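Visitor: Would you mind keeping the following structure in view while I ask a few things?
The values are calculated or read from the model by the stated rules, or taken from the named source; none is laboratory data. Computed from a predicted structure; not experimentally measured. Neighbour counts run over all protein chains shown; Cβ positions are idealised from the backbone, glycine included.
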Amino acid sequence: MQDFGDAFGLAFALVLARDGDLMEIIGLSLRVSLCAMLVSSAIALPFGALVAISRFSGRGAVIVLMNALMGLPPVVVGLLVYLLLSNAGPLGSLGLLYTPSAMIIAQSILITPIIAALARQVIEDLHVEYAEQFRSLCVPVRTAIGALLWDARYSLLTVALAGFGRAIAEVGAVIIVGGNINHLTRVMTTAIALETSKGDLALALALGMVLLAIALVVNAGVMALRSTATRVAYA
Amino acid sequence: MLSASHPLHATAGTGQARERTKAGGGAMEALLPGEVHDLSLEVQGKRLIDGVNLRITGGQITVVMGPNGAGKSLLLRLLHGLIAPTTGDISWAGRQLTEAVRSRQAMVFQRPVLLRRSVAANVDFVLKLRGIGSAERRDGILEHARLSESANQPARLLSGGEQQRLALARALAMEPGVLFLDEPTASLDPASTLLIEEMVRTAHGRGTKIIFVTHDIGQARRLADEVVFLHRGQVQEHTSAEEFFAAPNSDAARDYLAGRILL
């Protein structure tokens, strides 16, 4: 209990003092995870929508695979990206290992199946409602996907947020491909892991609380947006 | 009815619309007659549409009537190509029901399916789809549907009658040669029903072939030029409205018009 009390006090103190190192870590965490979320959303949302409205043999297997990949172990993803980006790997010449870009790649791979699988479900539910009307209007597949993505945008924002939450909270992948290098690739989770290993549990907990606070603020913002949208009947 | 100065006429192909009406329907001529031969639909061993033969010609409002479960909505979906028949053929002006043919038809469903957007954006979607979008055109369509004041409202906040008028306006925005309406007024009050009927008559006057499903006998009397009466998936009668209401030939139609329950 003493640790928790200290942690709360320290967390407030760190935030109020706007500690430079902490701000840098928070900034990098947000930058990496937001970039990963954007990259993944750009790939996963259209893919999820395509799977949602298409009928082809093997569709069930694709859906099962998408759902299964939601549980990708971050350490395995980190290891695969490490192998790809290491000097001996096929993308070694890009020199991305131990950079924020590598962390973005790893997090994107990790959360793309999550966003795709959840988006597929959201779009499929909406498509059930629109399908007959779209068939009647002879809406081309591309237009249908665009319309479904647009009309489900508030639900899909929650989906993207789920990806963001997974990305910003994971440590296994980013520590392998980022290396937790101070002032370069240190993010909240890797800093927490480091402080824990050093035995500074209060600081580790304080960082954890800051991380939690960020997640709460982002979620509250999206929730407010969604409830406004629901109120005006767009969601 | 639309006046000559109505925005719908003033904006989109004014001359074409008038020519169409004079000639008995340009778009209509291109799609009609519709021919249905031995049409059947079987689902899980149950025959829901049973050997239907029909010839659908222009010039009249065709009302499809029958008790619940007669197959009215299924027949409409088959005619529009939303579902495939088990056996039989459907052709429009001698052409199979291809995407090109279907794109010149439109359908209004019993429960309006509106996009989660504003009223104006719902119309814009269809106009853009047809490559004929313009604000002036959209405004004319909304005015025709008496929805101008709600243009920027979310479509889902409209009343049931307004939603159905929007769905109908959106369908008419496609300038269809054939318009299918599947009990569009089933859950509407009399005032909203009359507004829908007025829009349907206007569309008919502009040359669109109307095929209207209803089980409301009063509505059928108001709208129908000819009646197709269905019972148990079979066409029992296909005759002029006058003859149908004056002297129905089949027992099922007589019982239906007399208000007796048909099983």
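Visitor: Name every residue in the range B:167-185 that is crowded, with 24+ Cβ neighbours inside 10 Å, over 11 Å from the mean Cα position of the chain (by Cα) and within 11 Å of chain A (Cβ to nearest Cβ), in order of residue number.
Guide: B:Ala167, B:Arg170, B:Ala173
Visitor: Going residue by residue through the range A:157-167, is there one that turns out to be touching a helix residue (DSSP H, G or I) at 6+ places or on another chain (Cβ under 6 Å), free of Cβ contacts under 8 Å to residues at least 24 places away in the same chain and away from chain B (no Cβ under 14 Å)?
Guide: no
Visitor: Specify which of the listed residues (A:Gly221, A:Gly179) is farther than 19 Å from A:Ala13 by Cβ and free of Cβ contacts under 8 Å to residues at least 40 places away in the same chain.
Guide: Testing whether each residue is farther than 19 Å from A:Ala13 by Cβ and free of Cβ contacts under 8 Å to residues at least 40 places away in the same chain leaves just A:Gly221.
Visitor: A further question follows. When residues of the range A:26-43 are filtered for being free of Cβ contacts under 8 Å to residues at least 12 places away in the same chain and farther than 29 Å from A:Ala204 by Cα, how many remain?
Guide: Total meeting the criteria: 1.
Visitor: Related question: Take the residues in the range A:117-156 that are within 11 Å of another protein chain (Cβ to nearest Cβ) and polar (S, T, N, Q), then tell me which one is surrounded by the most Cβ atoms within 10 Å (Cβ to Cβ). If you could, list the steps in order and put the result at the bottom.
Guide: Of the residues in the range A:117-156, the ones within 11 Å of another protein chain (Cβ to nearest Cβ) are A:126, A:128-140, A:143-144, A:146-148, A:150-155.
Okay, now just the ones that are also polar (S, T, N, Q), so A:133, A:136, A:143, A:155.
Values: A:Gln133: 20, A:Ser136: 23, A:Thr143: 15, A:Ser155: 19.
The qualifying residue surrounded by the most Cβ atoms within 10 Å (Cβ to Cβ) is A:Ser136.
Visitor: Collect the residues in the range B:92-142 that are among the polar types (S, T, N, Q) and more than 12 Å from every other protein chain (Cβ to nearest Cβ), keeping them in residue-number order.
Guide: Step one: of the range B:92-142, the residues among the polar types (S, T, N, Q) are B:96, B:98, B:103, B:105, B:110, B:118, B:122, B:134.
Listed by number, the residues that qualify are B:Gln96, B:Ser134.
Visitor: Which condition does A:Ala11 not pass, out of (1) closer than 26 Å to A:Leu205 by Cβ; (2) of a type outside the set (Ser, Thr, Tyr); (3) modelled with pLDDT of 95 or more, if it passes all the others?
Guide: (3)
Visitor: Please list, ordered by first then second residue, the pairs with beta carbon atoms under 9 Å, 6 or more apart or interchain, first in the range A:44-73 and touching a residue at least 12 places away in the same chain (Cβ under 8 Å) and within 15 Å of A:Ser108 (Cα to Cα), second assigned to a helix (DSSP H, G or I) and of a type in the set (Phe, Trp, Tyr).
Guide: If the second residue must be assigned to a helix (DSSP H, G or I) and of a type in the set (Phe, Trp, Tyr), the pairs left are A:Met66/A:Phe47.
Visitor: Would you point out the residue of the range B:68-84, among those that are in contact with an Asp or Glu (Cβ under 9 Å, 6 or more places away or on another chain) and part of a loop (DSSP other than H, G, I, E, B), that is farthest from the other protein chains (Cβ to nearest Cβ)?
Guide: Per the criteria, the residue is B:Gly71.
Visitor: On the basis of being in contact with a Leu (Cβ under 7 Å, 6 or more places away or on another chain) and surrounded by 23 or more Cβ atoms within 10 Å (Cβ to Cβ), does B:Ala93 make the cut?
Guide: No, not satisfied.
Visitor: Just one of A:Leu30, A:Leu45, A:Leu22 is buried (at least 16 other Cβ atoms within 10 Å of the Cβ) and over 20 Å from the mean Cα position of the chain (by Cα); which is it?
Guide: None of the others qualify; the one that does is A:Leu22.
Visitor: Does A:Pro100 satisfy the criteria of being surrounded by 15 or more Cβ atoms within 10 Å (Cβ to Cβ) and either free of Cβ contacts under 8 Å to residues at least 40 places away in the same chain or touching a helix residue (DSSP H, G or I) at 6+ places or on another chain (Cβ under 9 Å) (or both)?
Guide: Details: surrounded by 15 or more Cβ atoms within 10 Å (Cβ to Cβ): yes; either free of Cβ contacts under 8 Å to residues at least 40 places away in the same chain or touching a helix residue (DSSP H, G or I) at 6+ places or on another chain (Cβ under 9 Å) (or both): yes.
Criteria met by A:Pro100.
Visitor: For the subset of the range B:143-166 comprising residues that are away from chain A (no Cβ under 14 Å), without any contact (Cβ under 8 Å) to a residue 60 or more places away in the chain and of a type outside the set (Gly, Ala, Ser), which member is surrounded by the fewest Cβ atoms within 10 Å (Cβ to Cβ)?
Guide: Across the range B:143-166, the extreme among qualifying residues is B:Glu149.
Visitor: Also: Working only within the range B:84-106, note down all residues that are hydrophobic (A, V, I, L, M, F, W, C) and closer than 18 Å to B:His37 by Cα.
Guide: Hits for the range B:84-106 are B:Ala84, B:Ile90, B:Trp92, B:Ala93, B:Leu97, B:Val101.
Visitor: Of everything in the range B:176-208, what is basic (Lys, Arg) and either part of a loop (DSSP other than H, G, I, E, B) or closer than 22 Å to B:Leu74 by Cα (or both)? Give them in sequence order.
Guide: If the condition is that a residue be basic (Lys, Arg) and either part of a loop (DSSP other than H, G, I, E, B) or closer than 22 Å to B:Leu74 by Cα (or both), then B:Arg206 is the only one that fits.
Visitor: If you don't mind, there's one more thing I want to ask. Examine the range A:168-178 for a residue that is outside any helix (DSSP H, G or I) and more than 14 Å from chain B (Cβ to nearest Cβ), and state whether such a residue exists. Show your work before the answer.
Guide: Taking the range A:168-178 as the starting set, the residues that turn out to be outside any helix (DSSP H, G or I) are A:170-171.
Among the residues that remain, those that are also more than 14 Å from chain B (Cβ to nearest Cβ) are: A:170-171.
There is at least one residue in the range A:168-178 that is outside any helix (DSSP H, G or I) and more than 14 Å from chain B (Cβ to nearest Cβ).
Visitor: Would you mind stating whether B:Leu188 is crowded, with 21+ Cβ neighbours inside 10 Å, more than 16 Å from the chain's Cα centre (by Cα) and hydrophobic (A, V, I, L, M, F, W, C)?
Guide: no
Visitor: Let me ask something else. When you go through B:Val64, B:Val52 one by one, which is the residue that is part of a strand (DSSP E or B), buried (at least 21 other Cβ atoms within 10 Å of the Cβ) and under 14 Å from the mean Cα position of the chain (by Cα)?
Guide: Matching residue, one of B:Val64, B:Val52: B:Val64.
Visitor: Something else about it: Could you check, for the range A:16-33, whether at least one of its residues is touching a helix residue (DSSP H, G or I) at 6+ places or on another chain (Cβ under 9 Å) and over 19 Å from A:Ile181 (Cα atoms)?
Guide: The answer is no, given that none of the residues of the range A:16-33 is touching a helix residue (DSSP H, G or I) at 6+ places or on another chain (Cβ under 9 Å) and over 19 Å from A:Ile181 (Cα atoms).
Visitor: Residue by residue through the range A:1-48, note down the ones that are within 19 Å of A:Leu211 (Cβ to Cβ) and among the small types (Gly, Ala, Ser).
Guide: Hits for the range A:1-48 are A:Gly5, A:Ala7, A:Gly9, A:Ala11, A:Ala13, A:Ala17, A:Gly20, A:Gly27, A:Ser29, A:Ser33, A:Ala36.
Visitor: Could you tell me how many of the residues in the range B:125-142 are surrounded by fewer than 15 Cβ atoms within 10 Å (Cβ to Cβ) and in contact (Cβ under 8 Å) with a residue 60 or more places away in the chain?
Guide: The total comes to 2.
Visitor: Report whether or not A:Thr143 is part of a helix (DSSP H, G or I), closer than 30 Å to B:Ala167 by Cα and among the hydroxyl-bearing types (Ser, Thr, Tyr).
Guide: When the stated conditions are applied, A:Thr143 passes them.
Visitor: Then there's this: For the range A:184-207, does any single residue satisfy the condition of being of a type outside the set (A, V, I, L, M), touching a residue at least 40 places away in the same chain (Cβ under 8 Å) and assigned to a loop (DSSP other than H, G, I, E, B)? Give the derivation first.
Guide: First, the residues of the range A:184-207 that are of a type outside the set (A, V, I, L, M): A:185-186, A:189-190, A:195-200.
From what is left, the residues that are touching a residue at least 40 places away in the same chain (Cβ under 8 Å) are A:185-186, A:189.
If we keep only those that are assigned to a loop (DSSP other than H, G, I, E, B) too, we end up with A:185-186.
There is at least one residue in the range A:184-207 that is of a type outside the set (A, V, I, L, M), touching a residue at least 40 places away in the same chain (Cβ under 8 Å) and assigned to a loop (DSSP other than H, G, I, E, B).
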